[in-house]
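Structure first, commentary second.
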Amino acid sequence: MSNETNPREKLAQAPAEILQSLPAMGRVMLSTRSGGATHERMGAVETVTIAGNEARLSGAFHDSRIDLGTVISIVADRTSKMRERVLPRLECQDASGETLFSLIGLDGLEPFDKALEPFGAGEKLEPLQREAPGSGGSADVPEDDLGARSFAAILASGEAIAIDVERAGLFQHWQGVLPEPKPAMGFVNIMQGDFHLHLKAGAVSGWTRTDSAGTVALEARDSDGKGFGLVLRGPAAAFAEVPDVDVVNG
């Protein structure tokens, strides 16, 4: 397979087959945007397990479930660059051709192309015009931003929590003690080696709380009062000082 002749191509094989090449790609970032939240896990994918209509990505750096009934095609793209370095990606698309999330090869073209070599060249596509990372955000995060205040309260609690994203075709999970949130470029940024959450200022208008088996879940609501896929889970003590929480059961 040549990245000179096929910088962007739709692969002919089923996603279940293509996804099993991920452990050979080295470090991979699974990145998805849902509402105002960008949720990213990064590192080696150790195992890919296919069971029915689900692909499970697991290992020390990944814990994700992909719905193979929703993700029906994959595009291999080699046109994205960061500081002149190519960061190839697998774009996981639904039946309409919308990219739901991407798997980005952080170790570059060589392991990416080698892992995809058995699949042969796919249908050549035209390059896309990409939105610049972090574009659209205001310069500063307001002091009263609910997302920033909420994560500051969780940090102060000292409790470990889970930060999950649930959207069409994907569930992705991270759990640990919260690193200090960093507001910058219109986003509240929670970053450590294997996980990034970039939450746009103003994205969260409130939280809906549910309680189950001793665990509290907070689902973020947008400006219309609807959930957009960002869910926090943990002990009640972690969320005791989080503002604007509506309890629906418990």
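The values are calculated or read from the model by the stated rules, or taken from the named source; none is laboratory data. What you see is a predicted model, and the numbers here were worked out from it, not measured in a lab. Because the Cβ atoms are built from the backbone with ideal geometry, glycine has one as well, and the counts that use them run over all protein chains shown. The accessibility values were calculated without ligands, DNA or RNA, using every heavy atom of the protein model including side chains. Shrake-Rupley method; radii C 1.70, N 1.55, O 1.52, S 1.80 Å.
Tabulated data
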quantity	calculated
Any chance LEU155 is at pLDDT 95 or above, open to solvent by 20 Å² or more (accessible area, probe 1.4 Å) and over 28 Å from THR208 (Cα atoms)	no
Criterion (under 18 Å from GLU126 (Cβ atoms), touching a residue at least 60 places away in the same chain (Cβ under 8 Å) and open to solvent by 20 Å² or more (accessible area, probe 1.4 Å)) met by exactly one of PRO7, PRO111, PRO88	PRO7
Any chance ARG65 is within 19 Å of LEU230 (Cα to Cα) and open to solvent by 40 Å² or more (accessible area, probe 1.4 Å)	yes
Members of region 215-232 found to be in a strand (DSSP E or B), among the small types (Gly, Ala, Ser) and either without any contact (Cβ under 8 Å) to a residue 60 or more places away in the chain or farther than 18 Å from PRO181 by Cα (or both), listed by number	ALA217, GLY227, GLY229
Qualifying residue in region 20-29 (condition: without any contact (Cβ under 8 Å) to a residue 12 or more places away in the chain, more than 13 Å from GLY105 (Cβ to Cβ) and more than 16 Å from the chain's Cα centre (by Cα))	no
Index of the failed condition, VAL188 passing every other in (1) within 30 Å of SER96 (Cα to Cα); (2) open to solvent by less than 20 Å² (accessible area, probe 1.4 Å); (3) outside any loop (DSSP other than H, G, I, E, B); (4) touching a Lys or Arg at 6+ places or on another chain (Cβ under 9 Å)	(1)
Residue list for region 212-222, filter: open to solvent by 50 Å² or more (accessible area, probe 1.4 Å) and either under 21 Å from the mean Cα position of the chain (by Cα) or acidic (Asp, Glu) (or both)	GLU219
Lone qualifier among SER212, SER205 - being over 24 Å from GLU98 (Cβ atoms) and without any contact (Cβ under 8 Å) to a residue 40 or more places away in the chain	SER212
Tally of residues being in contact (Cβ under 8 Å) with a residue 40 or more places away in the chain and touching a Gly at 6+ places or on another chain (Cβ under 6 Å) across region 46-74	4
Meets criteria (in contact with an Asp or Glu (Cβ under 8 Å, 6 or more places away or on another chain) and at pLDDT below 95) for PRO7	yes
Strands (runs of 3 or more DSSP E) (entirely within region 1-117) containing at least 2 residues that are out of contact with any Pro (no Cβ under 9 Å at 6 or more places or on another chain)	8-10, 27-34, 37-44, 47-51, 54-58, 63-67, 89-93, 99-105
